[in-house]
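Student: To start, I am sharing the structure in question, which I have written as structure tokens.
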Amino acid sequence: MTSDTQANPLLQDWSTPFGLPPFSAISTDHYKDAFEQALTAHRAEIDAIANAQDAATFENTILALEVAGEKLTRVGTTFWVLSGAHTNPYMQGLEREFAPKVTAHMNTITSNQSLFARIDAVNAAADTLDLNAEQKQLLKRTHRSFVRAGAQLDAQNKKKLNEITERLSELGTQFSQNVLADENDYQLALTKPEDLEGLPAFLVDAAAAAAKEREADVSHVITLSRSLIEPFLTFSPHRHLREQAYKAWAARGQKGGDTDNRAIISETLRLRQERAQVLGFTDFAAFKLDNTMAKTPAAVDELLSTVWRPAVSAANSECQRLTDAARNEGQNIEIEPWDWRYYAEKVRQADYALDESEIKAYLPLDQVIAAAFDTASRLFGVTFDEQTNLDLYHPDVRAWKVSNADGQDIALFVGDYFARSSKRSGAWMTAFRGQRKHPEAQRPIILNIMNFAKAEEGKPTLLSFDDARTLFHEFGHGLQGLLSDVTYGSLSGTSVERDFVELPSQLYEHWLEADEVLAKFAKHHETGAAMPGELINKIKAAQNFNQGFATVEYLASALVDMAFHSPRYDSSTDPIAFQDKVLTDLGLPKAIKMRHQSPHFQHVFSGDGYSAGYYSYMWSEVLDADAFTAFEETGNVFDPAMAEKLKTFIYSAGGQRDGGDAYLAFRGKMPTPEGLLRQRGLIEDAA
């Protein structure tokens, strides 16, 4: 061990509780040296595997690759988690420097001809080897990942592909940082008492807390955090303020200047198309979907088109209701995007007598967390014990030890729930460490990261029903990491097809609305009284309210994503003009915009994760609607036998099977879109 290694906590063996990174000992200065040393160590390990004199075997090639790069994985996961959850300008600079460096490093590995020759030899002999099912899957996925990275290309095309992927890494990093900069740069100051008119107490408190967090010179601000901007658009009666807030929200990434993402989109789309063609595909969507459940763009288009038609019909009907509501108030206006949520709330209250403030009073954050935990306990036998003495990366972050039904510790769960200027927007699951059994058992450390508006000190943070659903959604992802029970780390947790990965999360949302869950945990934050049955019935009766809008808003983004990555898009075309033409051709209602305008569409342009893949939420919804029906058919949404199958084949199985095989093992048949249409209240128009 060198003196540099001894001085750098990122490179030392950690004796911390649960194997957490020693956050208080790590400074931003440690990352650069740690990355460099970890990259050097990994290169040496790869060279040893590639240049081995022994004949290639599963053990000396595939398993050796599986365990190589431990230092790099540890340094990288620590850095990348914090670069999204708790960053600063110095770390953003490191991110811009090391994102392409790490990509180049991985390109060197997949371009190593000697290494791939050994992988290819093992793969060719697969049928003659005594491999179990999980080993066969690991071999198949290792070989496929190298092929998709260009391992079979000639030297010239390998070089071209490597240059493309390194540049794409730079662009994705800059895209994300630009969106965060625009979000941090804006706040709507509510300077006059009348600016607060109509805003419920929870939103006034959250706006005050946001002003304090930003050290603003006014008492209340609305930031571009979704948990602030959406309720403001829902409740503010001041149309001019709603318009200002909405336009700022929509303009992220396209304000001009250094943070404008439009040129990044153009270059990204051009390079993705080149990447696909180098690899022998007609377009990027065909390349991306070749490795998914959907397989082809045509299959995706069929699903999205099936849902688009009834969704637009429903949205147009909804818009007429909103127009009538505005006119009833003496507002002879055409509904604009900044009006929709405000008048939808008026109609919802009129139709269902639902008051968002009344609902939130029964959904304090701690109770919703407890509900998510208790649901997991009833389904899967796991328990959660909060740990209050851990060294975590921010004072707001919390952690729970996770134990199985036998009382054995299996994981650590970390929750980071509140919005702050050092965190990118959105909600996601990630990990400091994944589960594995080889080469030694490793318990996972799984994170849920969200952006709820934090209440003022001394007051509970209250969630909307949508916020609570988001928490259950991300915890569903989290459970896939926490319950993972596989041998090899690269198959653990969420290491599944992109259009299968949303099944565990979207399915878990269903239990939020279960009568038993609401009766036990939806308790008033002041009185402790249970949510009245009448209110629960109203919530359920209204669950398909405004679904035309919600479905169209999502589908618009998914359809534009697919169009961008299809032969329809010419790289010489202005991407925003193309986006607008796609939406016009689709007949997008004027009062609805994409859920994510392209210049801040981080799912698609902050990396390749959901590029030509935003459709996957709906693909997975076809599965989740059918999967929950399996529980309902038993007459018990906590049916033990069904829960055991769900755990075995979905939540704990990782990538041991392809998604379709995993679902068939659980359900015995594949679903059709009918359940999704019924779930969204669109079935009447489906024919």
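The values are calculated or read from the model by the stated rules, or taken from the named source; none is laboratory data. This structure is a prediction, so every number in the text was calculated from the model and none was measured. Cβ sites come from the backbone with ideal geometry, for glycine too, and all protein chains shown count toward neighbours.
Student: What number of residues within segment 618-643 are hydroxyl-bearing (Ser, Thr, Tyr) and closer than 25 Å to residue 294 by Cα?
Tutor: The initial filter retains those residues of segment 618-643 that are hydroxyl-bearing (Ser, Thr, Tyr), namely 620, 629, 634.
Still in the running and closer than 25 Å to residue 294 by Cα: 620, 629.
Number of matching residues: 2.
Student: Of the numbered conditions (1) assigned to a loop (DSSP other than H, G, I, E, B); (2) surrounded by fewer than 21 Cβ atoms within 10 Å (Cβ to Cβ); (3) of a type outside the set (A, V, I, L, M, F, W, C), residue 292 satisfies every one except a single condition; which is it?
Tutor: Among (1) assigned to a loop (DSSP other than H, G, I, E, B); (2) surrounded by fewer than 21 Cβ atoms within 10 Å (Cβ to Cβ); (3) of a type outside the set (A, V, I, L, M, F, W, C), the lone unmet condition for residue 292 is (2).
Student: Please indicate, with yes or no, whether at least one residue in segment 38-51 is crowded, with 16+ Cβ neighbours inside 10 Å, under 19 Å from residue 439 (Cα atoms) and of a type in the set (D, E, K, R).
Tutor: Among the residues of segment 38-51, at least one is crowded, with 16+ Cβ neighbours inside 10 Å, under 19 Å from residue 439 (Cα atoms) and of a type in the set (D, E, K, R), which makes the answer yes.
Student: Hey, does segment 176-190 have a residue that's touching a residue at least 60 places away in the same chain (Cβ under 8 Å), in a helix (DSSP H, G or I) and within 19 Å of residue 116 (Cβ to Cβ)?
Tutor: Within segment 176-190, not a single residue is touching a residue at least 60 places away in the same chain (Cβ under 8 Å), in a helix (DSSP H, G or I) and within 19 Å of residue 116 (Cβ to Cβ).
Student: Further, regarding this structure: Output the qualifying pairs, or none if there are none: Cβ atoms under 7 angstrom, residues six or more apart or on different chains, first residue in segment 514-531 and assigned by TED's automatic domain parsing to the domain that holds residue 468 and of a type outside the set (A, V, I, L, M, F, W, C), second residue at pLDDT below 95 and exposed (fewer than 11 other Cβ atoms within 10 Å of the Cβ).
Tutor: none
Student: Hey, another quick one. Of the residues 242, 252, which single one is in a helix (DSSP H, G or I), of a type in the set (D, E, K, R) and either crowded, with 21+ Cβ neighbours inside 10 Å or in contact with a Gly (Cβ under 9 Å, 6 or more places away or on another chain) (or both)?
Tutor: Numbers: 252 fails: in a helix (DSSP H, G or I).
Residue meeting the stated conditions: 242.
Student: May I pose another question? How do the pairs read when you match residues in segment 537-566 that are under 20 Å from residue 607 (Cα atoms) with residues anywhere that are among the polar types (S, T, N, Q) and surrounded by 18 or more Cβ atoms within 10 Å (Cβ to Cβ), using Cβ under 6 Å and keeping only pairs 6 or more apart or on different chains?
Tutor: If the second residue must be among the polar types (S, T, N, Q) and surrounded by 18 or more Cβ atoms within 10 Å (Cβ to Cβ), the pairs left are 560/579.
Student: Against the definition (among the polar types (S, T, N, Q), surrounded by fewer than 23 Cβ atoms within 10 Å (Cβ to Cβ) and within 21 Å of the chain's Cα centre (by Cα)), how does residue 425 come out, yes or no?
Tutor: On the way: among the polar types (S, T, N, Q): yes; surrounded by fewer than 23 Cβ atoms within 10 Å (Cβ to Cβ): yes; within 21 Å of the chain's Cα centre (by Cα): yes.
It is true that residue 425 is among the polar types (S, T, N, Q), surrounded by fewer than 23 Cβ atoms within 10 Å (Cβ to Cβ) and within 21 Å of the chain's Cα centre (by Cα).
Student: Kindly evaluate residue 414 against the criterion of being over 30 Å from residue 27 (Cβ atoms) and out of contact with any Cys (no Cβ under 6 Å at 6 or more places or on another chain). Talk me through it step by step, then tell me what you get.
Tutor: On the way: over 30 Å from residue 27 (Cβ atoms): no; out of contact with any Cys (no Cβ under 6 Å at 6 or more places or on another chain): yes.
Judged against the criteria, residue 414 is not a match.
Student: Which pairs have Cβ atoms under 7 Å, sit 6 or more apart or on different chains, and link a residue in segment 267-292 that is more than 20 Å from residue 159 (Cα to Cα) to one that is buried (at least 21 other Cβ atoms within 10 Å of the Cβ) and among the hydroxyl-bearing types (Ser, Thr, Tyr)?
Tutor: Close Cβ pairs (under 7 Å, with a partner that is buried (at least 21 other Cβ atoms within 10 Å of the Cβ) and among the hydroxyl-bearing types (Ser, Thr, Tyr)) amount to 288/611.
Student: Let me ask something additional. Looking at residue 407, is it crowded, with 16+ Cβ neighbours inside 10 Å and not in a strand (DSSP E or B)?
Tutor: Details: crowded, with 16+ Cβ neighbours inside 10 Å: no; not in a strand (DSSP E or B): yes.
It is false that residue 407 is crowded, with 16+ Cβ neighbours inside 10 Å and not in a strand (DSSP E or B).
Student: Continuing with this model, one more query. So if I check each of 52, 44, 48, 38, which one is assigned to a loop (DSSP other than H, G, I, E, B) and over 21 Å from residue 414 (Cα atoms)? Break it down into steps so the answer makes sense when it comes.
Tutor: Details: 44 fails: assigned to a loop (DSSP other than H, G, I, E, B); 48 fails: assigned to a loop (DSSP other than H, G, I, E, B); 38 fails: assigned to a loop (DSSP other than H, G, I, E, B).
52 is the lone residue from the list that is assigned to a loop (DSSP other than H, G, I, E, B) and over 21 Å from residue 414 (Cα atoms).
Student: Are any residues in segment 237-276 among the hydroxyl-bearing types (Ser, Thr, Tyr) and closer than 21 Å to residue 608 by Cβ, and if so, which ones?
Tutor: Filtering segment 237-276 for residues among the hydroxyl-bearing types (Ser, Thr, Tyr) gives 246, 259, 266, 268.
Within segment 237-276, 266, 268 meet the criteria.
Student: With the structure loaded, tell me whether residue 217 is surrounded by fewer than 23 Cβ atoms within 10 Å (Cβ to Cβ), more than 26 Å from residue 427 (Cα to Cα) and at pLDDT below 95 or whether it fails that test. Walk me through how you get there before you give the answer.
Tutor: Values: surrounded by fewer than 23 Cβ atoms within 10 Å (Cβ to Cβ): yes; more than 26 Å from residue 427 (Cα to Cα): yes; at pLDDT below 95: yes.
Yes: the conditions hold for residue 217.
Student: Just need a number here: residues in segment 234-260 that are in contact (Cβ under 8 Å) with a residue 40 or more places away in the chain and over 24 Å from residue 178 (Cα atoms).
Tutor: First, pick out the residues of segment 234-260 that are in contact (Cβ under 8 Å) with a residue 40 or more places away in the chain: 234-239, 241-248, 250-255, 258-260.
Then keep just the ones that are over 24 Å from residue 178 (Cα atoms); that gives 234-239, 241.
Count: 7.
Student: Can I ask one more? If you take the residues in segment 643-664 that are aliphatic (A, V, I, L, M), in a helix (DSSP H, G or I) and under 25 Å from residue 444 (Cα atoms), which one is nearest to the chain's Cα centre (by Cα)? Talk me through it step by step, then tell me what you get.
Tutor: Going residue by residue through segment 643-664, those that are aliphatic (A, V, I, L, M) are 643, 646, 650, 653, 662, 664.
Then drop every residue that is not in a helix (DSSP H, G or I), which leaves 643, 646, 650, 662, 664.
Narrowing the set further to residues that are under 25 Å from residue 444 (Cα atoms) leaves 643, 646, 650, 662.
Working: 643: 24, 646: 21, 650: 18, 662: 21 Å.
Among them, the one singled out is 650.
Student: Still on this model: Return the total of residues in segment 314-345 being of a type in the set (Gly, Ala, Ser) and surrounded by fewer than 15 Cβ atoms within 10 Å (Cβ to Cβ).
Tutor: Start the filter on segment 314-345 by keeping residues that are of a type in the set (Gly, Ala, Ser), which leaves 314-315, 317, 325-326, 330, 344.
In the following step, the residues that additionally are surrounded by fewer than 15 Cβ atoms within 10 Å (Cβ to Cβ) were identified as 317, 330.
Number of matching residues: 2.
Student: Please state which one of 419, 353, 371 is at pLDDT below 95, of a type in the set (A, V, I, L, M) and under 23 Å from residue 540 (Cβ atoms).
Tutor: Answer to the check: 353.
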